[in-house]
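Okay, so here's the structure we're looking at.
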Amino acid sequence: MIKKIFLTIALLTTLLLSQFTNQQTPSSFFTLYEQNRQEQIPNYISLDFILTANYLFKQQSIKPIEKELYEKFGVLAKGLRENILKSYKPKEKEALAYVLVLNRLLDSNTSGAIPQEAQSLAEQEWVLIDSHQGITASPINKVAIDYSQFVVRGKYTQSAELKSYFRALKYMSYMPFMVNAHPATAITPQIVKEQRANALTIANALKPMPKLYKEIEASIYLLGGKGDDLSLARIIDQNSSQISEQLNALEQYPQISERIIDTRLIKAIDIPKASLALKLLPSRFSPDSYIFSSLTYPNVGEIEKTKDRLSSFIDGKWVRGYPTIEDISAVLVSQYPKEQHYKGYKESIKKLQKEITCPKDHLYGYDFAIYKTLLEQNKSNSFKGYYTQSRYILNLYQKQSYAGGLKSLFFDERTKAVMESNMSEVLELLIAEDKLLPNSKDFVEILTKLKELDKKQNKFNKKEIKFLNNLDNRFKAILEEKDSPISVDIHTNPSDGKILYETLDNPIVKMIGEGRGAFYNHREEILGERR
């Protein structure tokens, strides 16, 4: 009798809630799979669903790392301030102002006497950061800065602490102390001289905190990989007048330029040297940003056919002002986008194919290996969706290129379930990546089970069918959130004042055989403001 009542409730719920067709989209992957349970439709387990669950797990696992980093940032900022004030001289006002801004971004207690000249300079810088002023010269560092980069976005809008974390890390990784003068960056020899001295003052204030700095750097390396700029720690106890010469001798120039550059005044080959900078916490090198930077003007030239959506009018000619996510496909598996008809594009692709590697000792390195595997398997939509999700949660650490489950009320009597085929290689990479994260044992066990099931070519026993039809609840028992639409900025074109975004809307629903599954719904767009 009780079972009949439950089944009647299930039937009524099905009639009321049945709503998803191939043309309609649920609010999340999990919503669709719960609906399958309500309607007793077998699950089609898409790779996109597994990738989405993994993205949510990774985002969740990063939270405690970032919380610990936030606390360490506060200790670092306070220590730098105290160490500079111990022997402060008026000529160090810019170095002190830099540190005062960092403390304010972290809401650190900065009580006590502060020299007025440094306080005034810090206030000028703060106004530009807090108002997201756009591109203008930094009062402290004397270099053109895109202050719209300080617009807090993504998951970092969720709390005051996360907002502070975002802006503080952006400040430490984006504000440069320039090493070389060049007309194209409007950096004069005098500015270089001043910035060398400021950088050295901050570096020497860092000297008493080597363990703290090393711990911070190690955590950020796990999230984003190697730095693409030079760390201030490199110049501790150096002679200020010899810093530029010594750093240039290393020839460790950034592969991605974040600088605002007048391309009329410089050859493309000279941009890395002109962009060389010291930073408190260098921006991380990301292969995708390097690809985007290498495949836009001035590294790629004029259009050879009619202009397209990526064309931009710069320096009196139509050039490739924007990249596209499909440029990654071109480099990794030679699948070219239609917007390829620009001078030097294919030559640059060949060069990049020799240069791009995927070191598997940090999260972003694993992600890039996953992108390559997905593309090799012709899973372009899965690549675009997972790329957008991965970039969304790790975007703060990357340089931007310029140019818990509840049991169902219903009896689940589904006797079939379907899995997308050929997932083992991607699952193996996800498992290896997740093992880098804390508290990953339970999630890795699910992925390992899915890897075993992938080998069975959809010939499952009753227990395995039950596992697949309940996979969403297994994921929800671990995850704190469901998926939702996201958008991430990946490239800025200062000439047009526009930004390239990768966006994921609500997932697409498809019936495949007897199973129903959810898939990524990706689009790429160029917008006029940062959001």
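Since every read-out is calculated from the coordinates, none of them should be taken as a lab result. Remember, predicted model here, so these are calculated numbers, not experimental data. Cβ placement follows ideal geometry from the backbone for every residue including glycine, while neighbour counts extend to all protein chains displayed.
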### Message
Could you give each residue of segment 131-142 its phi-based ³J(HN,Hα) in whole Hz, using Karplus coefficients 6.51, -1.76, 1.60 with θ = phi - 60°, and x for Gly or Pro?
### Response
9, 6, 4, x, 8, 7, 6, 6, x, 8, 9, 6
### Message
Kirkwood Rh and Cα-based Rg: tell me the resulting Rg over Rh for the chain, rounded to two decimals.
### Response
1.02
### Query
Tyr253: net charge of surrounding residues, Cβ under 11 Å, Lys/Arg +1, Asp/Glu -1, itself excluded?
-3
### Query
Highest mean first, what order results for 306-314, 75-83, 276-284, 252-260 on Cβ atoms within 10 Å?
276-284, 252-260, 75-83, 306-314
### Message
Using a Cα-Cα cut-off of under 13 Å, which aspartates and glutamates could be cross-linked to Lys305, ignoring same-chain neighbours fewer than 8 residues away?
### Response
Glu339
### Summary
Any residue on another chain or 5+ positions along whose placed amide H is under 5 Å from the amide H of Gly134 is listed here as Tyr147, Ser148
### Task
Work out from phi, with θ = phi - 60° and the Karplus expression 6.51 cos²θ - 1.76 cosθ + 1.60, the ³J(HN,Hα) of each residue of segment 66-73, listed in order in whole Hz, and give x for Gly and Pro.
5, 5, 5, 4, 4, 5, 5, 4
### Message
Suppose only helical runs count, i.e. DSSP H with n ≥ 4. What mean residue ellipticity at 222 nm does that imply for the chain under -39500 (n - 2.57) per run, divided by all residues and rounded to the nearest 500 deg cm²/dmol?
### Response
-15000 deg cm²/dmol
### Order of Thr492, Thr136 under a 10 Å beta carbon neighbour criterion, fewest first
Thr136, Thr492
### Message
What are the extents of the Cα atoms of segment 62-285 along their three principal axes, in Å, largest first?
### Response
44, 39, 34
### Message
5 Å is the cut-off here: which amide hydrogens, built 1.01 Å from N in the peptide plane, fall below it relative to Ile45, excluding neighbours closer than 5 in sequence?
### Response
Val418, Met419, Glu420
### Query
Taking amide hydrogens as modeled 1.01 Å from N in the peptide plane, which residues meet the under 5 Å criterion relative to Leu436, leaving out close sequence neighbours?
none
### Query
Using the Karplus equation 6.51 cos²θ - 1.76 cosθ + 1.60 (θ = phi - 60°), what ³J(HN,Hα) coupling, rounded to whole Hz, does each residue of segment 421-438 give in order, writing x for Gly and Pro?
7, 6, 10, 4, 5, 5, 4, 4, 5, 4, 4, 5, 5, 5, 5, 6, 9, x
### Task
Give me the distance between the Cα centres of segment 284-317 and segment 423-484, rounded to whole Å.
39
### Task
Compute the signed sum of charges (Lys and Arg +1, Asp and Glu -1) over the other residues within less than 15 Å, Cβ to Cβ, of Glu68.
0
### Pairwise centroid distance, computed over Cα atoms, of segment 342-382 with segment 62-130, Å
39
